[in-house]
Amino acid sequence: MAPIVRMNGINKRFLGVDALKDIDLELHAGEVHALVGENGAGKSTLMKILAGAHRPDTGTIVLNGQLVSFASPVHAQRAGIAIVHQEMTLLPDRSVAENVYLGREPVRRGHVDRARMQAATADLLDRLGERGITPRTPVRRLPVAQQQVVEIVKALSMDARVIAMDEPTAALAEHEVELLYDLVGRLRADGIAVLYVSHRMREVFDLSQRITVLKDGALVTSAATTEMTPDQLVRAMVGRPLDAMFPDRAKTRGPVRVSVRGGGNERLRDITIDLAAGEIVGLAGLQGAGRSAVARALTGVDPLTRGEVEVDDRPVRIRSPRAAIRHGIAHVTEDRKGEGLALRQTVRDNTMLVRNAVFGRSRIDVDRLLGSVGLAAGRTGQEVRFLSGGNQQKVVLAKWLAVAPKVLVADEPTRGIDVGAKRGVYELLRELACSGVAILMISSELPELIGMSDRILVMRDGHLAGELPAGSSEEAVMALATGSGA
Amino acid sequence: MTATQAAQPVRHNATSRGRVTPTLMVYLALVVLLVVGSVLVAMRGGVLLDHGGILNILTRSTVLGLVAIGQTMVILTGSLDLSPAYLIGLCSLIAAETMAGDPGMVVPAVLLTVGFAALVGLVNGLVITALKVNAFIATLGVALIIRGYLENTYTGPAGSVPRGFQHLGYDRIGPVPLSTVVMLVIAVAVWWYLTRTKGGYHVYAVGGDAEVARLSGIRTGRTIVMTHVLCSVMAGLAALFLVSRLGSGAPLVGADGGYDLESIAAVVLGGTLLSGGRGGVAGTIGGVLILATLDTVFDDLGVTPFLKDVVRGAVLIVAVALYARSQLARRAR
Ligand SMILES: Nc1ncnc2c1ncn2[C@@H]1O[C@H](COP(=O)(O)OP(=O)(O)OP(=O)(O)O)[C@@H](O)[C@H]1O
Ligand SMILES: [Mg+2]
């Protein structure tokens, strides 16, 4: 069967960096084509070229047998190609329906037909089985995961025949990923071609029919999913085989570094946690259970209003991020664009941001620090917004390591990071723990959480539902998180 | 799975209905102000809301209202206009000198004035979008150019309007000046435009996030230019009202009225975000009425101009602080 889309010999350079070198890619109707590779390999760039957001320097795109060239994303949309971006592209103050139909509002007799817009949005939401979202809700009030659903609804509303998804599950919790699986299945059944970027190996194998691997802008291999094993895939991406994914667990537990007794605020109640030097404690729970709220409370973003907190056996009050930092508590945030980084400043400035702001200027070896999170030294002078999504996440990590914390609260620290770099982050976290840092880690990827944690605290509805030992099963965690069985 | 689905809808279903929006707060504040003002004025033996008082408040609101309506659109796109004050002065002179007391020249003068204002708006918009000059600087520059021209060319009032044209400024329908009615009709039209039409939706989109708007196929530059043209046209209309009341054009009539900063103050007081993307005309009109009522109350009480400015400044700061708080409360989910 002839492909819907055939990209041929695509080249793209940015300021002397070869982002893409001579890439060929075919997309077929009813097929999910996974695009994988390390951070900065060029996946997002290739997608943007397909969707008209960038123009290739050379190379052609053939759509349904016709040569096309898109001047803007809108032209690509009209031709039936929609993209779900890696970074959110929604207007927080506008409603769900207004966002979905942004720029394409249905008009009746001179005015926007709001009833039709809302009904159509409601239909699409229904199709996805998302009953928790009403079309009139301002997007600002939705959690990140539901905002992601809105992005997908937006692509669907364009009647696209080709949908490109850039890490659509990066912000989703486990059970929401299932929804997305169903959704992608339905798109396939409708004969839509899906180009799918993800760093989660499991998804790539569950969903795709064909896998293409990019490395440093070049195509390494492209094969049917059935002809590849996970090990082969990782080797193609990283260029070498990876040994065990997770480092060894801690053998000893040091003194308690931070303890919370009966902590609570608007979203939390009865939070009692001890974090000891040398251990990594996992915090599990469904989206909205309050995992991030705990992280935000410990780090002074949304402080606790009840209960006691002690750091190194001394009672402290953490009323602001600054206070938290002064007490040695660092916060790797889940939303790197909104909270974590100053996008227009350089990698170096961002890395030193917290340290300089709270402890005054001082010299440390930035290159070594960035090296330890797996960022190449040549990047220090670059503006952060030009980095690929995963590399931005590494800068967030480096920024917090620069303050040499006693306690590290890591909320989705590996979101959007490639397998090789994930491995690096795991090692880094474990090394930090061994050097006496207490670590609280949140992750929506259960295998990662279970693989890393020395023990797992499970949250439900704003309180701690229970604790599980290292190496517990995913089922045990989910049972506690949902309150079913057990 | 079921547990989550049962838990979630409650939290995310809430719509903006049933919440205290900034617009509602503005009108509540206006009512409180009218009541408190009436009591204060009554204690000194006067009446705030008698025929004359109402007329005074509405007359004050009309010119500022027009400029603030235009300013609202500009600010909603994330831009800003500092040129209306001097533009009003220049437009008043263009109108009065073109009419030169001749009733037959009224229509050409009105068209010329509005056309000239539109041209200035076009320049503002193009400097901002095509030359990528920050809106603050671009419109300040245009304001300075106009001021230089005015100071160099005029020493005082000039031109005169025919008697017939003065009806615009002085006629009333009951206690309501005709010009106020015109201003309110324009306000309703702009409200409809902003909340009901595609163009209005795009104004909010550009102010909310210009890049997102661009990726959605909205012509961001064109949207910004258009709001600047409309804003300047509003300033032109304001000039026409002032001319019809004064009988002649005056170079500093706009600057003396402080319509540049005052209109921005009214917009912000009305709950529109200075960075764009949120707010609207209804709130702005409330803001304008509050400022006009404050003025009238102070006049009735014989308060010194100094204290007047202090109170107005304080009101503005308190209002914006309150909006910021309600915004924070909303963000903390
Ligand atoms: N607008 C830009 N200006 C300059 N360089 C850019 C720009 N966009 C991307 N790059 C560079 O192009 C390369 C490819 O980036 P791209 O975003 O496509 O990576 P990616 O494969 O999507 O990575 P990730 O998995 O981290 O999202 C990177 O080296 C990146 O720094
Ligand atoms: Mg990417």
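The values are calculated or read from the model by the stated rules, or taken from the named source; none is laboratory data. A quick note: this is a predicted structure, and the numbers were derived from the prediction, not measured. We place every Cβ from the backbone using ideal geometry, glycine too, and count neighbours over all the protein chains shown. The accessibility values were calculated without ligands, DNA or RNA, using every heavy atom of the protein model including side chains. Shrake-Rupley method; radii C 1.70, N 1.55, O 1.52, S 1.80 Å.
List of remarks:
- Taking Cα atoms only, the orientation of helix B:106-129 departs from the longest principal axis of chain B by about 40 degrees.
- Using alpha-carbon coordinates, inclination of helix B:198-208 to the longest axis of chain B, degrees: 70 degrees
- Whether chain A is rounded, prolate or oblate, judged on the alpha carbon gyration tensor where a/c under 1.5 counts as rounded: prolate
- With K and R counted +1 and D and E -1, the other residues having a Cβ less than 14 Å from that of A:Val256 yield a net charge of -1.
- Long-range HN-HN contacts of A:Gly436 with modeled amide H, under 5 Å: A:Gly278
- Counted by Cβ distance under 15 Å from B:Gly37, the other residues give a net charge of 0, where Lys and Arg count +1 and Asp and Glu count -1.
- For chain A, calculated [θ]222 nm from helices alone, where every DSSP H run of n ≥ 4 adds -39500 (n - 2.57): -9500 deg cm²/dmol
- Chain B: angle of helix B:135-153 to the longest principal axis, Cα-based, in degrees nearest 10: 10 degrees
- Shielding of B:198-208 by partner chains, average beta-carbon count, 10 Å: 5
- Using a probe radius of 1.4 angstrom, the carbon and sulfur fraction of the accessible surface of the protein assembly as shown is 57%.
- Share, in percent, of DSSP beta bridges within the protein assembly as shown that are antiparallel, nearest 5: 55 percent
- Considering only beta bridges that DSSP places wholly inside chain A, some 55 percent are antiparallel.
- The protein assembly as shown: C-alpha gyration tensor shape, a/c 1.5 cut-off, then a/b vs b/c: prolate
- Partner aspartates and glutamates for A:Lys406 [C-alpha distance under 14 Å; skip if fewer than 8 residues away on the same chain]: A:Asp274, A:Glu279, A:Glu310, A:Asp312, A:Asp313, A:Glu431
- With a 1.4 Å probe rolled over the protein heavy atoms of all chains, the accessible area of B:Ile264, B:Ile54 falls in the order B:Ile54, B:Ile264, largest first.
- Calculated FRET value between B:Val176 and A:Met1, using beta carbons and R₀ = 56 Å, to 0.05: 0.20
- Loss of accessible area when B meets A, both sides summed, Å² nearest 100, probe 1.4 Å: 3500 Å²
- Average other protein chain Cβ within 10 Å of Cβ, residues A:101-112: 5
- Violating pairs (Cα-Cα greater than 31 angstrom) within the set A:Lys422/B:Lys132; A:Lys43/B:Lys198; A:Lys394/B:Lys198; A:Lys43/A:Lys154; A:Lys48/A:Lys422; A:Lys215/B:Lys132: A:Lys422/B:Lys132; A:Lys43/B:Lys198; A:Lys394/B:Lys198; A:Lys215/B:Lys132
- Proximal aspartates and glutamates to A:Lys12, defined as alpha-carbon separation beneath 15 angstrom and excluding residues fewer than eight positions away on the same chain: A:Asp22, A:Asp24, A:Asp57, A:Asp216
- Secondary-structure-derived ellipticity at 222 nm for chain B, considering helices only, amounts to -25000 deg cm²/dmol, per-run term -39500 (n - 2.57) for DSSP H runs with n ≥ 4.
- By definition, a body whose alpha carbon gyration tensor gives a ≥ b ≥ c is oblate when a/c is 1.5 or more and a/b is not larger than b/c, and the range B:2-332 fits this oblate description.
- Here the spin labels are modelled as points 7 Å beyond Cα on the Cα-Cβ line, and at B:Ala118 and B:Val133 they lie 2.3 nm apart.
- As a rough guide to protection, the peptides B:234-244, A:94-104 ranked by mean Cβ packing within 10 Å, highest first, stand as B:234-244, A:94-104.
- Those residues of the range A:208-238 whose amide nitrogen sits under 14 Å from the label point placed on A:Lys21, 7 Å along Cα→Cβ: A:214-221
- Relative packing of peptides A:381-393, B:79-91, A:145-157 - highest average C-beta neighbours within 10 Å first: B:79-91, A:145-157, A:381-393
- Packing, as the average of other Cβ atoms within 10 Å across residues, places the peptides B:110-121, A:246-257, A:124-135 in the order B:110-121, A:124-135, A:246-257, highest first.
- Between A:Arg235 and A:Glu178, the modelled labels are 3.5 nm apart [label points 7 Å from Cα along Cα→Cβ].
- Local charge for A:Ala433 was computed over the other residues whose Cβ lies under 13 Å away, with Lys and Arg +1 and Asp and Glu -1, and equals +2.
- Shielding by partners, peptide A:131-138 (average Cβ within 10 angstrom, other chains): 5
- In chain A, a dipole from Cβ-located charges (positive for Lys and Arg, negative for Asp and Glu) runs towards its positive end, and of A:Gln118, A:Val220, A:Gly129 it is A:Gln118 whose Cα lies farthest in that direction.
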